[in-house]
Every structure is written in C-alpha cells, then in structure tokens.
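Visitor: Quick one: the structure is below, and I'll ask about it shortly.
The values are calculated or read from the model by the stated rules, or taken from the named source; none is laboratory data. This is a predicted model, so every value here is computed, not measured. Methodologically, a virtual Cβ is constructed for each residue, glycine included, from the backbone with ideal geometry; neighbour enumeration extends over all protein chains shown. Heavy atoms of the whole protein, side chains included, go into the accessibility calculation; ligands, DNA and RNA do not. Shrake-Rupley method; radii C 1.70, N 1.55, O 1.52, S 1.80 Å.
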Amino acid sequence: MEISGDLSGIKASQLRDLKKLSEYQTGRDDLIHPEILSGLIRLTQLWNREICIYLSRSGLLIASAVGKHATVTLLPLKGRSQSKHLRCLHTHPNGVPRLSSLDFSALTSLKLESMTAIGVLRGELTGFQLAYLTSDGSPYVVDLKPDNWNKFNYFESQQEHYHNHNSQIKLESKPDKERAFLLALQDGEQEVSENLEELAELADTAGVEVVGQLVQPRRSSQSRSFIGSGKLEELVHRIQETRADVLISDDELSPSQLRTLEMETGLKILDRTGLILDIFAQRAHSREGKLQVELAQLKHLLPYLTGQGQTLSRLGGGIGSRGPGETKLELDRRRMRQRINLLDKELKLVLQHREIQRRQRAKSGLPMIALVGYTNAGKTTFMKNAMEQAGFRSDIPSGENKLFATLDPIVRRIKLTPSLEILLSDTVGFIRKLPTQLLKAFLATLEEVQQADILIHVLDVSHPQALQQAETVHEILGQLECHDKPVITLLNKVDKVHDDEEISRIAQLLPYSIPLSLKRGDSLAPIWNVLESLLE
Ligand SMILES: Nc1nc2c(ncn2[C@@H]2O[C@H](COP(=O)(O)OP(=O)(O)OP(=O)(O)O)[C@@H](O)[C@H]2O)c(=O)[nH]1
Ligand SMILES: [Mg+2]
C-alpha cells in the first residue's frame, strides 16, 4: 500500500504499523474494519495529524496519506472510473466527527462513493460522519456514535440511498450551521473592532455562526500567507479550538494568499466581497437580481482560478455548498467565461425592458426622488411610511433588521399634496468597501439613483459609526457620478439616541438635515417641505 503526505518526524516502525493495516479487509457491510479503525485512532493520537485511507469496493485498503493537524491532501486519483467506487475515510484529531465543506466538495468533485470523517480525541473515538453521493449527485449525510456505529450496515444504507435519497433513516442528520472564524488586518487603532463587528453582522446575515476572530496589524510588505507565520500558527490553533469550518477575511485576498491560507488551515476561505455576494445570492428574487449576483460572483471568483482545468470546487464559492447561481461548482475557467458571456447577454435583455419602464416614468414628468443610505438605515421603512402617510395602502414589506433586506429596486408614485406628486424609489443599501464587481453589476439598479432629481439620504444616527457611514454613502454617490444632486439628509432612529448634542453635531455636518424617527411614525412633512422648496 502506498503512503503519501507529510511523513516528516514519523518513525519507520510507526509507518510500518500503518502499512500493516492493509492486511485487514473490510467486510462488504462494514463501514471500516475494527482493526483498521483502532490502528488509525492510535496513530492519529500519536502523530496529532489527520490520516486518510482509501478503501476499494471490495474493502481493500489501497492507499493512505498523512496530513497536518487540520488538513490532509487527498491523493491524486487516476481517472474517474477508479474513484467512483472508492470510499475515503479520514480522522479528525480535534475530535470533531464532522465533514468540512472541503470534504463535501472533494466527495462531489472526485465522485467518490463516500467520504467519512472519524473524530478522535485523546485516543478515543468520538463518532463518525459519512456522506454518500446519491444518484443525482447530491450528498446524503449519516452521523454515527461510538456506541452504535458497528450496528450500521454500510452496504445496505449506501445502496438504499443511492437511488432513493429522500427516504429517512433514524441516524440521518443535516450538516449543522457552518462555524465561521473571522480574520482582519488592523490599520488604525479602534476602527478594526467596528469593522469586525460589521463583518460578524454580515456573517450572521449570511447564516453562519461566528465562533472566533483574530486581528493582525497590517505590515508594509504583504506576506504570501497574508499574515505572519507566528500568527498563522495561532490562527490554526484557534481554528481547531473553535472547531471553525469557514474562515472569513475582512480584506481582499490575492489568489496565492487564499491558497496558502486554505492549505494551512484546511478550511474554506471567503473574503468580505465573497460574503456580501453570498448574501446577495440568497436574497435576490427577481430574475434581474439573480443574474446580476451570479455575474458578480463569477467575476469575483475568476481570478482565483489559475491555469486550465482547475475547478472551483476547492473554493466552494459560498456558504454551505452553495455556488454561484445555477452554476455547478465544477466549472473550469473556460466554461466560466462562457457562462459569464451568456449571463451578460441575458441581463442586457432584462435591462432593456427596465429601460422601457423607466422611459415611461420619465415621460410622466414627475419629479424623481431616490432613497439612498447605508444598509439597515431605514430606507424601506421610509418608503412604507411615506405611502401610508399619503393615504395609500402600502404594499412594501416591513423593513427587516437585517443587512441588505432590499435588493430589488422599487418605485412608487405618491401624491403628497394636491400640487406635489413624486416618484419615490428604494434600492439596495450601501456598505463600506462595497465590492466593485457588485457596484458594477448593480449599476443598472442604481440607475434610479442616477436619474433622480433629488436624493433622500437616510442615515441611522444611533449607529456608533454614523458619520463614517454617511461618508461611505457620499463616496459611493461620487462613484455613481451623483455628487451634484441635491441631498436631503434624514437623521433617522433618533428614538435610540439620548444625546441631543450628538444629533445637532451630525446635523451641522450634513446638508438639509432633518432628525426624526421612522419607527415612531414621525410625520414626514418636514422632509416634503424641504423637497418642495428644492423643486421650485
Ligand atoms: N429604533 C428604530 N429603528 C428603526 C427606525 N427606522 C427603521 N428602523 C429599523 O431598522 C431596521 C432596518 O430598516 P429598513 O427600512 O429595512 O432599512 P433599509 O435601509 O431599507 O435596509 P436595507 O434594505 O437592508 O438596505 C428595521 O428593523 C427597522 O424596523 C427608527 O426610527 N428607530
Ligand atoms: Mg431596504
């Protein structure tokens, strides 16, 4: 039997012990031969590294590999036909019997029969998690405990679920919420904690659980691994400790930094842009929104694929095993480009339709007012209140206390006074470091903003970073070439601020500031008065 991987510091006699395990043949119905299992547990404990083995269909141990603490490089498998009936089993020395997203993507991309994680802690078995590939290519997951695993019939279960993956068995479970570890570089002194707070909020919105974070001062020369080697060790240690399975970086990573981090930590890596795109992917409902997000995702991922034939599978591309839109994870560069072209064309068609609608609105000659602001500031609540106060029944869903609640633009015609009728539009919220790809993708959506006569900037004054957020909004308006438009600033959420001086301080810095609380349902009359005077 061939043994590959990181064999440094391993005694020849111990390697012989590993080799000897190939003398045992695993029975057809068994998950693993008990002797092989106890050998793996012992050696995993001894080396504190992952060990990976491959069993052939007939239960022969045909290959093994030794990895680092949290990762093991899978063997280069020759040809798909060979891997089809292979099962891969590997130990997790951190005691967590849970398959990582990387394990799932290896299962799919290598088309293995099954992938099993064996939890080992202090020389004891903590359990198994295995996943088979079903006939439709999706994984089916089974959890086994140390006291029931030997009652499990591997062959029957695999056969049954291969064709009938909807049926339920008692032991089955879904993979848990992913556990995210956050990583940020520190520029200034205090800013970083707030940035991390926002990143944590984004992670929460994306549906992952934040289990830890690490901050590293930014150095003048960016190292290959993005953080120094001492910190890297600390990072790997913390990741094991917190049992994280995805690493989210607040900063953009170069392709080589991403690969180094991925190799060292064994985790799926996402940067801030990838995370925001993931949220957008979850929230986009309209055809247009979906197309825009998938395009942005593909364009964001493209530079990370180097060379021909490399696939996206290792990158994952998102939380869970979600990839960009309808795209399968195994897209290679060439096919990705084709998909991008296709999406581009489709999007153009959709946008033509919107352009027609927009022209019709422009023909109405009504003043166009666009709501802008940081995400979660209260734009959608404004839209809702505006309609209700004008006596319309609002069809706007209530604002959610979530980032990027609104993605698709909404335009409503509202008669404010007998002499003042406007078109009011609500769009996607802004955010610090809004990914350029995304801004480009959403430019069409943001055309409502570009075509507006007057902007209403909704600002959450209760946010500790309110002024920075206002600055971000102005920056993005600059990028959209909207800096010449008149802006009314609504200082929202005053119900949460108890320091009136703070409000007047902010008010002095921003144009046409009007403090109020949308939640309390304060009258919007002061806004309309300013609006009317600006329109005259
Ligand atoms: N305390 C307080 N909460 C408010 C006020 N106005 C809005 N909110 C809340 O803030 C949250 C976000 O409001 P939205 O109207 O969805 O904000 P948005 O700007 O549309 O957000 P995105 O669509 O995500 O960009 C919701 O939970 C609202 O209930 C206010 O005056 N006071
Ligand atoms: Mg909204």
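Visitor: For region 389-408, which residues satisfy the criterion of being out of contact with any helix residue (DSSP H, G or I) (no Cβ under 6 Å at 6 or more places or on another chain) and of a type in the set (Ser, Thr, Tyr)? Don't jump to the end; show me each part of the working.
Guide: Applying the first criterion (out of contact with any helix residue (DSSP H, G or I) (no Cβ under 6 Å at 6 or more places or on another chain)) to region 389-408 yields 389-393, 395, 397-398, 400-401, 405.
Listed by number, the list holds a single entry, Ser398.
Visitor: Of all residues in region 405-427, count the ones that are surrounded by fewer than 20 Cβ atoms within 10 Å (Cβ to Cβ) and within 16 Å of ligand 1 (Cβ to nearest atom).
Guide: Final tally of qualifying residues: 5.
Visitor: Name the residues in region 246-267 that are of a type outside the set (Gly, Ala, Ser), part of a loop (DSSP other than H, G, I, E, B) and modelled with pLDDT of 80 or more, would you? First the steps, then the outcome.
Guide: Pass one, region 246-267, residues of a type outside the set (Gly, Ala, Ser): 246-248, 250-253, 255, 257-265, 267.
Those still in the list that are part of a loop (DSSP other than H, G, I, E, B) too: 250-253, 267.
If the condition is that a residue be of a type outside the set (Gly, Ala, Ser), part of a loop (DSSP other than H, G, I, E, B) and modelled with pLDDT of 80 or more, then Asp250, Asp251, Glu252, Leu253 are the ones that fit.
Visitor: Conditions: (1) free of Cβ contacts under 8 Å to residues at least 40 places away in the same chain; (2) touching a helix residue (DSSP H, G or I) at 6+ places or on another chain (Cβ under 9 Å); (3) buried (at least 17 other Cβ atoms within 10 Å of the Cβ). Gln257 meets all but one. Number of the miss?
Guide: Going through (1) free of Cβ contacts under 8 Å to residues at least 40 places away in the same chain; (2) touching a helix residue (DSSP H, G or I) at 6+ places or on another chain (Cβ under 9 Å); (3) buried (at least 17 other Cβ atoms within 10 Å of the Cβ) one by one, Gln257 breaks only (2).
Visitor: Further, regarding this structure: So, in region 1-29, exactly how many residues are surrounded by 11 or more Cβ atoms within 10 Å (Cβ to Cβ), outside any loop (DSSP other than H, G, I, E, B) and charged (D, E, K, R)?
Guide: Summing the residues that are surrounded by 11 or more Cβ atoms within 10 Å (Cβ to Cβ), outside any loop (DSSP other than H, G, I, E, B) and charged (D, E, K, R) in region 1-29 gives 5.
Visitor: Within region 337-375, track down each residue that is open to solvent by 40 Å² or more (accessible area, probe 1.4 Å), of a type outside the set (A, V, I, L, M) and within 30 Å of the chain's Cα centre (by Cα).
Guide: Arg337, Gln338, Arg339, Asn341, Asp344, Lys345, Glu346, Lys348
Visitor: Consider Pro409 against the criteria (1) within 25 Å of the chain's Cα centre (by Cα); (2) farther than 20 Å from Ser364 by Cα: it satisfies all of them except one. Which criterion is unmet?
Guide: Among (1) within 25 Å of the chain's Cα centre (by Cα); (2) farther than 20 Å from Ser364 by Cα, the lone unmet condition for Pro409 is (2).
Visitor: Taking region 98-131, which residues are open to solvent by 30 Å² or more (accessible area, probe 1.4 Å) and of a type in the set (S, T, N, Q)?
Guide: Those that are open to solvent by 30 Å² or more (accessible area, probe 1.4 Å) and of a type in the set (S, T, N, Q): Thr108, Thr126.
Visitor: Please work out which residue is surrounded by the fewest Cβ atoms within 10 Å (Cβ to Cβ), limiting yourself to region 132-148 and to residues that are touching a strand residue (DSSP E or B) at 6+ places or on another chain (Cβ under 9 Å) and at pLDDT below 90.
Guide: The first filter runs over region 132-148 and keeps only residues touching a strand residue (DSSP E or B) at 6+ places or on another chain (Cβ under 9 Å), leaving 132-134, 139-146.
Next, only the ones that are at pLDDT below 90 stay: 132-134, 139-143.
Details: Tyr132: 24, Leu133: 23, Thr134: 16, Pro139: 21, Tyr140: 21, Val141: 18, Val142: 23, Asp143: 19.
Residue satisfying both the conditions and the ranking: Thr134.
Visitor: All but one of (1) surrounded by fewer than 21 Cβ atoms within 10 Å (Cβ to Cβ); (2) more than 10 Å from ligand 1 (Cβ to nearest atom) hold for His457, so report the exception by its number.
Guide: It is condition (1) that His457 fails.
Visitor: Provide a single number: the residues in region 486-509 that are outside any strand (DSSP E or B) and touching a residue at least 12 places away in the same chain (Cβ under 8 Å).
Guide: Applying the first criterion (outside any strand (DSSP E or B)) to region 486-509 yields 486, 493-509.
From what's left, touching a residue at least 12 places away in the same chain (Cβ under 8 Å): 486, 493-497, 502-503, 506-507, 509.
Total meeting the criteria: 11.
Visitor: Looking only at region 390-404, which residues are under 22 Å from the mean Cα position of the chain (by Cα) and either surrounded by fewer than 19 Cβ atoms within 10 Å (Cβ to Cβ) or more than 9 Å from ligand 2 (Cβ to nearest atom) (or both)?
Guide: Glu400, Asn401, Lys402, Leu403
Visitor: Output the residues belonging to region 397-414 that are of a type outside the set (Asp, Glu) and closer than 24 Å to Ala206 by Cβ.
Guide: So the first thing to find is which residues in region 397-414 are of a type outside the set (Asp, Glu), and the list is 397-399, 401-407, 409-414.
Of everything in region 397-414, those that are of a type outside the set (Asp, Glu) and closer than 24 Å to Ala206 by Cβ turn out to be Pro397, Ser398, Gly399, Asn401, Lys402, Leu403, Phe404, Ala405, Thr406, Leu407, Pro409, Ile410.
Visitor: Pick from Thr427, Thr436: which is closer than 29 Å to Asp251 by Cβ and more than 9 Å from ligand 2 (Cβ to nearest atom)? First the steps, then the outcome.
Guide: Values: Thr427 fails: more than 9 Å from ligand 2 (Cβ to nearest atom).
On inspection, the qualifying residue turns out to be Thr436.
Visitor: Right, here's the next one. Only one of Asp344, Asp408 is within 22 Å of Gln437 (Cα to Cα), modelled with pLDDT under 85 and not polar (S, T, N, Q). Can you tell me which?
Guide: Asp408
Visitor: Restricting attention to region 344-380, which residues are within 13 Å of ligand 2 (Cβ to nearest atom) and not aliphatic (A, V, I, L, M)?
Guide: Result: Gly373, Tyr374, Thr375, Asn376, Gly378, Lys379, Thr380.
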